[in-house]
Amino acid sequence: MSTVVDVINVSKRYAEREVVHELNLQVHAGQCFGLLGPNGAGKSTTLRMIYGVSAPSSGSVKVFGLDVARESRAVRARLGVTLQDNVMIDALSPVENLEVFGRYHLLREPERSKRIAELIDYLELGSHANVPVIALSGGFKRRLAIAMSLINQPELLILDEPTTGLDPAVRLSLWTKIRELKSQGKTVLLTTHYMDEAERLCDYVVIMDQGRAVSAGSPKQLISTRVGRDAFEVDCSKEEELRLLDGLPGTGSLRSGARLLVYGPDLGALPQRLQAIDPERAYVMRRANLEDVFLAETGTTLEAGA
Amino acid sequence: MSSRISIPHVLAVTRRNATMYKRTWMLSILPNFFEPLFYLWSIGLGVGAYVSKMRGLSYVEFLVPGLICVSAMNGSSFEATYNVFVRMTYEKSYAGMLTTPVEPDDILVGETLWALIRACIYGGIFLLVAMGLGLATPMQALRVLPVIPLAGLLFAGLGLAFTMSIGSIDLFSYYFTLFLTPLFLFSDVFFPIEERLHGAWLYVAEALPLLHPVRIARFAFHGAHDTGASWSVLAWDVGYTVAGSIGLLLWSSRAVRKRLLS
């Protein structure tokens with residue numbers, strides 16, 4: 001599999017503040033790659049270095065085998081970016097906004113109009129194609145933003161927080177589109193702080209925290225190796241926690257106030273133990289997910305189980 | 001490094017602004033007709049009634065070339081200051097452009113070109129009104145025409161250099177009140193500066209950017225004989241305007257890259 005993005009030992013500093021620290025990552029062709037992390041983790045800065053609007057303080061970034069610092073124009077001609085903020089022109093319609101972006105990519109007529117018609121159809125923008133953007137809903141604007149980033153038929157699609165602030169139905173429809181784009185052979189690189197989004201879409205994820213990559217792998221692999229199959233949640237005291245976890249092998253736990261989260265490969269014994277402490281106590285027993293990995297990797301109170 | 005300026009990308013940036021302007025030009029162009037009418041009526045015909053001659057010309061004849069340059073200055077300045085700042089900071093248009101093959105220098109040159117076009121619209125309309133009022137002959141209009149983009153270029157450079165160095169939109173009030181207004185008042189537009197200023201002040205006046213397009217415009221309008229101007233002063237004025245514009249745009253080029261590529 002060929003490498004589309006190669007980030008080699010990259011750091012980024014603003015004055016004394018280091019926002020990305022010695023980051024290494026590789027995105028392969030056809031992959032959906034997720035950069036996960038809380039706000040301020042360095043995800044957007046990493047993306048900006050990948051599409052060449054922010055120079056690394058050290059290290060290098062190659063996209064399509066080209067040095068982004070030297071050949072940013074050539075790199076950006078082959079990729080599409082959907083930014084966190086919608087940057088379309090409010091006074092213009094979706095068709096006019098797509099025309100403006102088409103011109104930035106030097107698309108000529110009649111190809112430009114043909115491509116715009118395809119995108120209007122593909123992202124289901126037809127009902128409002130000639131209405132000023134200011135009158136459109138958030139979901140519609142987001143679909144338009146993605147359409148704008150697809151105008152040049154990019155080989156690599158970069159999506160910065162593509163579904164933040166959208167309602168569940170719109171998120172679901174955008175996920176479908178992203179999956180379709182991937183199945184068409186596009187490489188997708190996205191950032192998100194929605195773990196369910198990453199789990200559903202990504203083949204490979206890197207979890208970032210305070211500018212560092214703290215974990216990397218496929219969502220399934222990360223879940224099984226970092227937290228195990230099961231997750232158990234209950235409100236309990238410190239003393240009760242000790243009794244619950246006493247002698248239970250291979251578990252990890254994370255406490256947030258009264259809430260205790262326990263992770264492990266097999267937590268089948270915990271409901272029985274809890275019943276012995278308090279038969280009426282409510283609990284949740286579920287499959288572990290990427291959110292548990294994220295909490296385990298970035299939480300400050302992660303403790304090894306007994 | 002990627003090639004710094006690509007003409008097709010520059011034109012795409014300019015075209016973006018033109019697409020927006022197409023939406024609003026009917027509304028925004030009307031005041032451009034009234035502004036020269038009010039100036040010429042109030043100052044030219046009103047104040048001019050009390051002034052017998054100025055450099056051998058009637059006051060309104062003296063006034064017209066300078067006011068054409070002031071119009072070009074205003075058109076260019078509004079575009080290169082407020083509008084560029086809004087596109088850069090609030091609309092994040094440049095962030096969007098930089099996800100495409102457009103580079104910061106394309107944005108700078110594209111915006112300069114658009115400011116120049118706006119200067120031509122403002123200055124051109126003033127000229128049309130002056131012609132309509134019988135204050136400019138077709139030959140005078142033809143001769144003064146190249147001065148309008150020249151003035152526009154200089155004030156695009158000044159406006160962009162200022163815009164790229166400030167962090168708050170509120171600071172434009174200083175630019176307009178403390179910089180452009182004094183230029184408007186003391187750059188040979190309303191009175192011949194060499195008759196009112198003496199000694200070192202005349203050298204200070206030579207630093208004022210508006211003075212030079214105004215002198216070129218008056219030369220183009222009335223010729224050397226009527227204005228007492230000389231070819232050497234004309235060469236100095238053209239040199240100042242062109243070199244100043246180039247210098248400011250080169251400075252802005254560094255500033256725009258620093259501002260947009262962080």
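Observations on the structure shown:
- Rg/Rg_globular for chain A, with Rg_globular taken as 2.2 N^0.38 Å and Rg from C-alpha atoms: 1.16
- Taking 16 Å as the straight-line reach from the Cα of A:LYS62, the aspartates and glutamates in range (excluding those fewer than 8 positions away in the same chain) are A:ASP6, A:GLU22, A:GLU71, A:GLU155.
- When you restrict to C-alpha pairs under 8 Å that are six or more residues apart and normalise by the size of chain B, the relative contact order lands at 26 percent.
- Over 32 Å (Cα to Cα) - which of A:LYS12/A:LYS220; A:LYS12/B:LYS92; A:LYS43/A:LYS114; A:LYS12/A:LYS114 fall in this group: A:LYS43/A:LYS114; A:LYS12/A:LYS114
- Where trypsin sites (Lys or Arg not before Pro) fall in DSSP loop in the range A:1-79, at most 14 other Cβ within 10 Å: A:ARG70
- Peptide A:97-106 shows a mean partner chain C-beta count of 6 within 10 Å per residue C-beta.
- Between A:SER224 and A:ASP67, residue separation times 0.36 nm minus the direct Cα-Cα distance comes to 52.9 nm.
- Separation between Cα centres of the range A:271-287 and the range B:1-77, rounded to whole Å: 79
- Maximal additional length on extending the A:SER127-A:SER2 stretch stands at 41.1 nm, based on 0.36 nm per residue less the C-alpha distance.
- In percent, rounded to a whole number, the relative contact order of the range A:209-306 is 41, using alpha-carbon pairs under 8 Å and six or more apart.
- B:ALA205 versus B:LEU261: modelled label distance in nm, points set 7 Å from Cα along the beta carbon direction: 4.4
- A full extension of the chain between B:TRP41 and B:SER28 corresponds to an added length of 2.5 nm, given 0.36 nm per residue minus the alpha carbon distance.
- Rounded to the nearest 500, the helix-only mean residue ellipticity at 222 nm of chain A stands at -9500 deg cm²/dmol, with each DSSP H run of n ≥ 4 adding -39,500 (n - 2.57).
- Summary of the geometry: the range A:199-254 and the range B:201-262, compared by the centres of their Cα atoms, lie 68 Å apart.
- Backbone amide hydrogens, once placed in the peptide plane, bring A:GLY37 within less than 5 Å of A:THR192, A:MET208, excluding anything fewer than 5 places away on its chain.
- FRET efficiency for the pair B:SER232 and B:LEU178, taken as 1/(1 + (r/R0)^6) with r the Cβ-Cβ distance and R0 = 22 Å, rounds to 0.10.
- Principal semi-axes in Å for the range A:59-196 [√(5λ), Cα gyration tensor, largest first]: 23, 20, 13
- Projected onto their three principal axes, the Cα atoms of the range B:1-43 cover extents of 55, 24, 11 Å, largest first.
- Equivalent ellipsoid dimensions for the range A:224-304 as semi-axes, Å, which come from the Cα gyration tensor, largest first: 19, 13, 11
- Per-residue shielding of B:9-16, expressed as the average number of other chain Cβ atoms within 10 Å of the residue Cβ, stands at 4.
- Cα-based radius of gyration for the range A:1-126, normalised by 2.2 N^0.38 Å, reads 1.23.
- The ranking of A:GLU99, A:GLU22, B:GLU195 by Cβ neighbour count inside 10 Å, starting from the fewest, reads B:GLU195, A:GLU22, A:GLU99.
- Derived from the Cα gyration tensor, the three semi-axes of the equivalent ellipsoid of the range B:7-260 are 33, 20, 16 Å, largest first.
- Label zone at A:ARG255, where the point sits 7 Å out along the Cα-to-Cβ direction: the range A:215-245 residues whose backbone N lies under 16 Å: A:233-245
- Folded to 0 to 90 degrees: helix B:7-39 orientation relative to chain B principal axis, Cα: 30
- Ranked from largest, the principal axis spans of the Cα set of the protein assembly as shown equal 109, 52, 45 Å.
- Residue-normalised convex hull volume from the C-alpha trace of the range A:103-157: 90 Å³ per residue.
- Residues A:SER253, B:SER173, sorted so that the one with the fewest Cβ neighbours within 10 Å comes first: B:SER173, A:SER253
- Volume of the convex hull of the range B:69-161 (Cα atoms only), normalised per residue: 90 Å³.
- For a label point 7 Å along the Cα-to-beta-carbon line of B:LEU128, residues of the range B:20-55 with backbone N under 18 Å: B:21-40
- Separation of alpha-carbon centers, the range A:60-81 and the range B:80-121, rounded to whole Å: 23
The numbers here are math on the coordinates, done by the rules we state, and not lab data. Predicted, not measured: the structure shown is a model, and the values here were computed from it. For neighbour counting, all protein chains shown are included, and Cβ atoms are generated from backbone atoms with ideal geometry for every residue, glycine included.
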